[in-house]
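Below you'll find the structure, written out as structure tokens, and then a few comments.
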Amino acid sequence: MSILKIARIGHPILLKKTNELKDIGSEKIKKIVYDMSETMIDYNGVGLAAPQVHLNKRLFIFRNPDLEETKEIQITALINPVVEKISDETNEAWEGCLSIPGMLGLVRRFSKIMYSGYDLQGNKITNNVEGMHARIIQHEFDHLNGILYTSRLAHKDAFGYAEEIENYWKKNEEN
Ligand code: NI
């Protein structure tokens, strides 16, 4: 396995719509997913989409926040995903992205979604989720369509270095 180079905001691959994966279950795709997993763990991320490692494919991996924390990190790969909102309800929360290191932005997302796709073995996955799980899926799905969270900010000023956000925004939110 190897740690892959992550494309940062400004790299054109992050703005491209990705192509459907044809060879689900192949050794090549397994190797990509293993390398992406190692990369995500090394960077301490909760999700990583193929374009972020310079691959123009409809594939992302994520850590399921609904699963109990165990010693082993559980990572799900979702291939050729479809995502739909279940209701119009939305919520705002701060998001980071490994392609925008050190920064946070406040993003409005749908609270409840359904998603489907294929896992690494080619089995169909279907899930109804909410909260953080729904947010991670929407963020990663956006990457497959060339969309970064910076173009979905809840307010145009709600973006900045994580330290400043912690000091000046999150403290105010608590008051
Ligand atoms: Ni991201």
Practice prompt. Would you mind getting the Kirkwood hydrodynamic radius of segment 36-169 from its Cα pairs, rounded to one decimal in Å?
Written response: 15.4 Å
Discussion item. With Kirkwood's inverse mean 1/r over C-alpha pairs for Rh, give me the Rg to Rh ratio of segment 99-175, two decimals please.
Written reply: 1.06
Practice prompt. Compute from the Cα atoms of segment 133-172 the Rg and the Dmax, the latter being the longest Cα-Cα distance, and quote both in angstrom.
Written response: 12.2, 34
Discussion item. Taking loop as defined by DSSP and a crowding limit of 10 other beta carbons within 10 Å, which trypsin sites (Lys or Arg not before Pro) in segment 86-175 fit?
Written reply: 156
Fill in: Fully extended contour minus Cα-Cα distance, from residue 163 to residue 56, at 0.36 nm per residue
35.3 nm
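All of the numbers you see were taken from the coordinates with simple rules; none came from a lab. All figures in this text were calculated on a predicted structure; none of them were measured in a lab. Reconstructed Cβ throughout: ideal geometry from the backbone, glycine too, with neighbour counts over all protein chains shown.
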